[in-house]
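The structure under discussion appears below in the form of structure tokens.
The values are calculated or read from the model by the stated rules, or taken from the named source; none is laboratory data. Note that this is a predicted model, so its numbers are computed, not measured. Cβ atoms come from the backbone with ideal geometry, glycine included; neighbour counts cover every protein chain shown.
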Amino acid sequence: MVKQLPTRQRVRRGILTFIFLTFPITINYLSPYVIIEAGSQGIINGSLIMFGILFLSSLFLGRAWCGWICPGGAMQDIIEPVNNKVVNGKKIDWIKWVIWIPWISIIVWMVIQAGGYSKIDFFYLTENGISVDEPMKYIIYYFVIFLMMGIAALVGRRASCHSICWMAPFMMIGRWIRNKVGWGSLKLASDSSDCTNCKLCTRSCPMSLDVNGMVQASKMEDPECILCGTCIDQCPQGVIRYAFAKPSK
Ligand code: SF4
Ligand code: SF4
């Protein structure tokens, strides 16, 4: 018999499936290219505003976006049954920074060349707010899907989040600032005294984190944690929970 997912994970999967289905509408609002084109004309576009919102959300919600709302995450969760291999984050996590830093530099350069931002157009390069409004634009749409899913299918669970995601660094920087300043935010908390070391949490983590090790070390904070709650729902002892708390000293 196929084991049913816990209710919270079914809700999360449902949200992600909906987000994936609406991706033809939203792709330009998360596009790493459209922000460059808009920047070259001095326009604050939808993706710049969205990346700003992601950064601000991470100050209080960490990377919950990645676990609950991101279409890129949804694509990789869909392909997970094809390759559920654990990913060694230490080997590939750095790649996204090698992509992100030059990309941000190009945007800044384009905006400087344009004489700064002079206009806001949230719906820039969309037709009535819809991103894929003509058949040719499906080429870009399918390219993004094949890229995100292809890497996850070849390397393992959520490998694109680890390696090529251009959105993750915004939230990782936000998380870093939050931890430095020390205000409260959504995170994981645990009580290792009830842990039986069954490692179900580690085996189920979509980001391939050593959750059992985190519990044992009482260090539940990791830059790659997407706050999906899978470990919470898989733990038979109820050791892990969500908490809204300040960073531990
Ligand atoms: S540690 Fe838990 S909440 Fe964080 S990504 Fe892994 S399973 Fe999700
Ligand atoms: S699933 Fe729960 S009991 Fe098992 S190792 Fe993880 S925290 Fe400990």
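Which ones in segment 31-55 are touching a Ser or Thr at 6+ places or on another chain (Cβ under 6 Å) and under 29 Å from ARG178 (Cβ atoms)?
Across segment 31-55, the qualifying residues are SER31, VAL34, ILE35, SER47.
So in segment 208-249, with the set limited to residues that are among the hydroxyl-bearing types (Ser, Thr, Tyr) and farther than 18 Å from TRP65 by Cα, which one is farthest from ligand 1 (Cβ to nearest atom)?
Among those residues, the one meeting the criterion is SER248.
Does ASP133 satisfy the criteria of being touching a residue at least 24 places away in the same chain (Cβ under 8 Å) and acidic (Asp, Glu)?
It is false that ASP133 is touching a residue at least 24 places away in the same chain (Cβ under 8 Å) and acidic (Asp, Glu).
Would you be able to tell me the number of residues in segment 5-36 that are crowded, with 17+ Cβ neighbours inside 10 Å and more than 17 Å from the chain's Cα centre (by Cα)?
Here the count works out to 3.
Does LEU125 meet the test of being surrounded by fewer than 21 Cβ atoms within 10 Å (Cβ to Cβ), away from ligand 1 (no atom under 14 Å from the Cβ) and either part of a helix (DSSP H, G or I) or basic (Lys, Arg) (or both)?
So LEU125 fails the test.
In this structure, is ILE226 crowded, with 16+ Cβ neighbours inside 10 Å and closer than 17 Å to VAL86 by Cα?
The answer is yes for ILE226.
Give TYR117, TYR138 a once-over and let me know the one that is out of contact with any strand residue (DSSP E or B) (no Cβ under 8 Å at 6 or more places or on another chain), more than 15 Å from LEU30 (Cα to Cα) and outside any strand (DSSP E or B).
The conditions single out TYR138.
Hey, does segment 137-147 have a residue that's touching a helix residue (DSSP H, G or I) at 6+ places or on another chain (Cβ under 8 Å), modelled with pLDDT of 95 or more and within 21 Å of SER208 (Cα to Cα)?
Yes, segment 137-147 contains a residue that is touching a helix residue (DSSP H, G or I) at 6+ places or on another chain (Cβ under 8 Å), modelled with pLDDT of 95 or more and within 21 Å of SER208 (Cα to Cα).
Taking only segment 184-202 into account, find how many residues are farther than 15 Å from MET220 by Cα and more than 26 Å from the chain's Cα centre (by Cα).
Final tally of qualifying residues: 4.
So for segment 165-177 (the condition being farther than 21 Å from ARG12 by Cα, part of a loop (DSSP other than H, G, I, E, B) and either near ligand 2 (Cβ under 10 Å from one of its atoms) or in the same structural domain as TYR29 (by TED's automatic domain parsing) (or both)), does at least one residue qualify?
So far as segment 165-177 goes, yes, one or more of its residues are farther than 21 Å from ARG12 by Cα, part of a loop (DSSP other than H, G, I, E, B) and either near ligand 2 (Cβ under 10 Å from one of its atoms) or in the same structural domain as TYR29 (by TED's automatic domain parsing) (or both).
Among ILE139, ILE92, ILE120, which is the only one that is of a type outside the set (Asp, Glu) and either surrounded by 14 or more Cβ atoms within 10 Å (Cβ to Cβ) or under 17 Å from the mean Cα position of the chain (by Cα) (or both)?
After applying the criteria, what remains is ILE92.
Mind checking which residues of segment 229-249 are crowded, with 20+ Cβ neighbours inside 10 Å, more than 10 Å from ligand 2 (Cβ to nearest atom) and outside any helix (DSSP H, G or I)?
GLY229
Considering only segment 37-47, state which residues are within 20 Å of ASP133 (Cβ to Cβ) and surrounded by 18 or more Cβ atoms within 10 Å (Cβ to Cβ).
Selection gives ALA38, ILE43, ASN45, GLY46, SER47.
Does segment 210-223 hold any residues that are within 14 Å of ligand 2 (Cβ to nearest atom) and surrounded by fewer than 19 Cβ atoms within 10 Å (Cβ to Cβ), and which are they?
Of everything in segment 210-223, those that are within 14 Å of ligand 2 (Cβ to nearest atom) and surrounded by fewer than 19 Cβ atoms within 10 Å (Cβ to Cβ) turn out to be ASP210, GLY213, GLN216, ALA217, SER218, LYS219.
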